[in-house]
Amino acid sequence: MNEVFVKCLFEFIGTAILILFGDGVVASNCLKKSKGENGGWVVITIAWGLAVMLGVFIAGPYSGAHLNPAVTLGLAAAGTFSWSLVVPYIVSQMLGGFVGAVLVYAFYKDHYDATSDPAAKLGTFCTIPAIRNYGRNLFSEIIGTFVLVFVILALATRGNTPELGMGAIGAFPVSMLIIALGMSLGGTTGYAINPARDLAPRLAHAVLPIKGKGSSDWAYSWVPVLGPIIGGFLAAALYCLVYCY
């Protein structure tokens, strides 16, 4: 089987599982009549960390488990990943994010129907800032993604694995990293830190026949895309400055 196809297939599957469990815990917490309703931020951040762990277990041995366009771009900018694979990886991640979000909707369909708050429904697909301040929201996403990509680059040394990505540092360390990011830096924007985690599910929200869903908030959608991309490139620049000598 074509090597690039295999890599992209596992990026797709890993990202789909990431979103299924990550958006799934938000749905469990926010939708009416769920047994997990009002579970709280700690539950969400821990489950997101475990969601990443599952994606890494699946994709790590085959693709490096980027699962995130910002990670893919950051690693390529740092010279640790081939630019020729950037577009195929990002397409696979976006498709995986879309499919994962559709699965969450199918799983919680009755609870979406029982929920009247459009913001609660949107929040199960994509991020919404706690306080809408586009400049500061963008800054939050830049810093969060900068930390994510820089730590991945710092911990994953060349030669340890065939591919460099979140899978290269192991499932458990990266899970702890995601949990720490959520608990420490996630309170402002919901720490998207991943365009495939936000834009792809937002597209799913826009096209799915969700009862009383309201707006997909496209006015904010650029923040969790541009912020992570900038953060990833800044992390790559610092990595090259302090490590590549």
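Can you tell me which residue in region 102-138 is nearest to C30 (Cα to Cα), limited to those that are without any contact (Cβ under 8 Å) to a residue 40 or more places away in the chain and part of a helix (DSSP H, G or I)?
Once the filter is applied, the top-ranked residue is K109.
Which one of these does L199 not meet: (1) under 19 Å from A101 (Cα atoms); (2) out of contact with any helix residue (DSSP H, G or I) (no Cβ under 9 Å at 6 or more places or on another chain); (3) part of a helix (DSSP H, G or I)?
Unmet condition: (2).
I'm told G97 meets every condition in (1) out of contact with any Ser or Thr (no Cβ under 6 Å at 6 or more places or on another chain); (2) small (G, A, S); (3) part of a helix (DSSP H, G or I) except one. Can you identify the failing condition by its number?
(1)
Which residues, counting only those in region 216-245, are assigned to a loop (DSSP other than H, G, I, E, B) and at pLDDT below 95? Full working, then the answer.
If we filter region 216-245 for residues that are assigned to a loop (DSSP other than H, G, I, E, B), which is where we start, we get 216-222, 244-245.
Within region 216-245, C244, Y245 meet the criteria.
Out of region 81-95, which residues are hydroxyl-bearing (S, T, Y) and touching a Pro at 6+ places or on another chain (Cβ under 8 Å)? Give the steps one after another, and end with the answer.
Keep residues of region 81-95 that are hydroxyl-bearing (S, T, Y), which gives 82, 84, 89, 92.
The answer is Y89, and nothing else.
So, of the residues in region 16-40 that are without any contact (Cβ under 8 Å) to a residue 24 or more places away in the chain and of a type outside the set (S, T, N, Q), which turns out to be nearest to A120 (Cα to Cα)? It would help to see each step written out before you state the result.
Going through region 16-40, the residues without any contact (Cβ under 8 Å) to a residue 24 or more places away in the chain turn out to be 29, 35-40.
Retained after the next criterion (residues that are of a type outside the set (S, T, N, Q)): 35-37, 39-40.
Details: K35: 16, G36: 14, E37: 11, G39: 14, G40: 14 Å.
Checked region 16-40; the qualifying residue nearest to A120 (Cα to Cα) is E37.
Out of the residues in region 81-93 meeting the condition of being touching a Leu at 6+ places or on another chain (Cβ under 7 Å) and at pLDDT 95 or above, tell me which one is surrounded by the fewest Cβ atoms within 10 Å (Cβ to Cβ). Give the derivation first.
From region 81-93, those touching a Leu at 6+ places or on another chain (Cβ under 7 Å) are 81, 86, 93; that's our starting set.
Filter once more, so that each one left must be at pLDDT 95 or above: 86, 93.
Numbers: V86: 17, Q93: 32.
This residue is V86.
Among the residues of region 32-42, count how many are more than 18 Å from A130 (Cα to Cα) and of a type in the set (A, V, I, L, M, F, W, C).
0
The values are calculated or read from the model by the stated rules, or taken from the named source; none is laboratory data. It should be emphasised that the depicted structure is a prediction, and the values quoted were computed from it without experimental measurement. FYI the Cβ positions are ideal-geometry reconstructions off the backbone, even for glycines, and counts take in every protein chain you see.
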